[in-house]
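Taking it in order: structure first as structure tokens, then the write-up.
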Ligand code: FRU
């Protein structure tokens, strides 16, 4: 339990954490990171009356796992942000061990929030946290402004989920289709199959179970589902756990990707495409998307992952860990999702330096955007930092890190050709978009922040546009 009053009382005791974070040179310049402590999933994303609200799973007083609050940033233009006071606290018996992930749905001027109230019944003899000893409460509340909330209302609890489910059911997200609001929830059956539960409602207050989406032999748990349409095609994004690596695929401990779904809502039947990973990097999990007022489908993800064999010790030493990815706009093209950096990121450019591939001479700048357009598709080695290489050989694109990866080593994807690259480099992160967002590699990296060389080895001809970037402006309202 942590009420708002508890938080405000404790806040004063943690000035040293805030001082410590400020001293860290690996603080990110243009990514949303926790003010102190630990950040994981993006939550409750929406835009209303011109203001973007970005909430996130937040443990303010420890840079490790702990009781979750929802942290909160707002912005009118996606480059100037306000750091707000935490928005949601685990302050009731139905969410006392953490206000877990959830989402927002805006209609007729009202913001509807849905989230999971996590309750651990550790005093029970049969407590095992998987099949017993845990409540996963689906909770609803509303707001007009994204700050003040109505009373929390319990919508669904363990007894409302199908009987063969384990006690892992969570992360509600809403999708409206015709006359119904559909809610997806991530889940694990008691015999360890990952799935998504589908509920539906006419009024956002009463939900009835309607179906489950499942793929044969595809992991023991699916977290953080997101159901949405792009150009009329339905997609289910989710994070399956328990899938063994196959060649270059599924190399991370848990997966982040999507199915195309052909759903017949009249007959309640569906077909799934193959699962495709959204990102080929090391640090990607729990993406969530929303439609903004310009009708763009914007996705943020957690630029981190639970239970990985690599770590972020350099920032943990300064009392913070993890960040959100940069916002990406999703498109449907060539039967798949393409991801592109949000247009507003261009407002961070300080200057433009154009050269050809052979003559990039950049040193000492680690906060930048670099766009490379090749004339053809030949093999290459791009040294992004002294310790980081992106190479394309025999139709395999690989990202390789050494010591600065803190355990992150190599990730690859097969690609018939590479025609363009966009690298977004921040102090301690890299996001690399290939072929206009056909594939993306996202990673944290902790190398030397000065004296970094960028160099291309390739027969490719092409144009490189290099943009040193300024950081976000973040005003603290908390
Ligand atoms: C995914 C997740 C969610 C859960 C939240 C708790 O990273 O495990 O399933 O709601 O994080 O912080």
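Values in this text are rule-based calculations from the coordinates and carry no lab data. Since the model is a prediction, treat every value here as computed from it, not as a measurement. Cβ placement follows ideal geometry from the backbone for every residue including glycine, while neighbour counts extend to all protein chains displayed.
Structure summary
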{"quantity": "Computed FRET value (nearest 0.05) for residue 18 with residue 473, which takes r as the C-beta separation and R₀ as 22 Å", "calculated": "0.75"}
{"quantity": "Nearest-ten-degree value, helix 4-13 long axis tilted from longest Cα axis of the chain", "calculated": "40 degrees"}
{"quantity": "Net lengthening on full extension, residue 295/residue 396 (0.36 nm per residue, minus Cα-Cα)", "calculated": "32.9 nm"}
{"quantity": "Debye log10 I(q)/I(0) at q = 0.06, 0.15 Å⁻¹ for region 4-341, Cα point scatterers", "calculated": "-0.19, -1.39"}
{"quantity": "Pairwise label distance in nanometres, residue 124 with residue 107, each label 7 Å out on the Cα-Cβ vector", "calculated": "3.3 nm"}
{"quantity": "Spatial separation of Cα centroids for region 218-259 and region 55-103, in angstrom", "calculated": "24 Å"}
{"quantity": "Alpha-carbon centroid distance for the pair region 363-415 / region 121-189, whole angstrom", "calculated": "41 Å"}
{"quantity": "Residue 202/residue 463 FRET efficiency (R0 45 Å; Cβ-Cβ; nearest 0.05)", "calculated": "0.25"}
{"quantity": "Which of 322, 206, 112 has the fewest Cβ neighbours within 10 Å, and the rest in rising order", "calculated": "206, 112, 322"}
{"quantity": "Net lengthening on full extension, residue 160/residue 379 (0.36 nm per residue, minus Cα-Cα)", "calculated": "73.3 nm"}
{"quantity": "Estimated distance in nm for a label pair at residue 10 and residue 347, the labels positioned 7 Å out from Cα along Cα-to-Cβ", "calculated": "3.5 nm"}
{"quantity": "Unit Cα scatterers, Debye sum, region 340-476: log10 I(q)/I(0) for q = 0.15, 0.19 Å⁻¹", "calculated": "-0.70, -1.17"}
{"quantity": "Among 147-159, 289-301, the order from most to least packed when residues are scored by Cβ within 10 Å on average", "calculated": "289-301, 147-159"}
{"quantity": "Ranking of 280, 163, 18 by count of other Cβ atoms within 10 Å, fewest first", "calculated": "163, 18, 280"}
{"quantity": "Inter-probe distance in nm under a simple model that places probes 7 Å from Cα toward Cβ, at residue 265 and residue 233", "calculated": "1.9 nm"}
{"quantity": "Residue order, fewest to most surrounding Cβ atoms within 10 angstrom, among 475, 243", "calculated": "475, 243"}
{"quantity": "Theoretical gain in end-to-end length, residue 147 to residue 316 [0.36 nm per residue, Cα-Cα removed]", "calculated": "57.9 nm"}
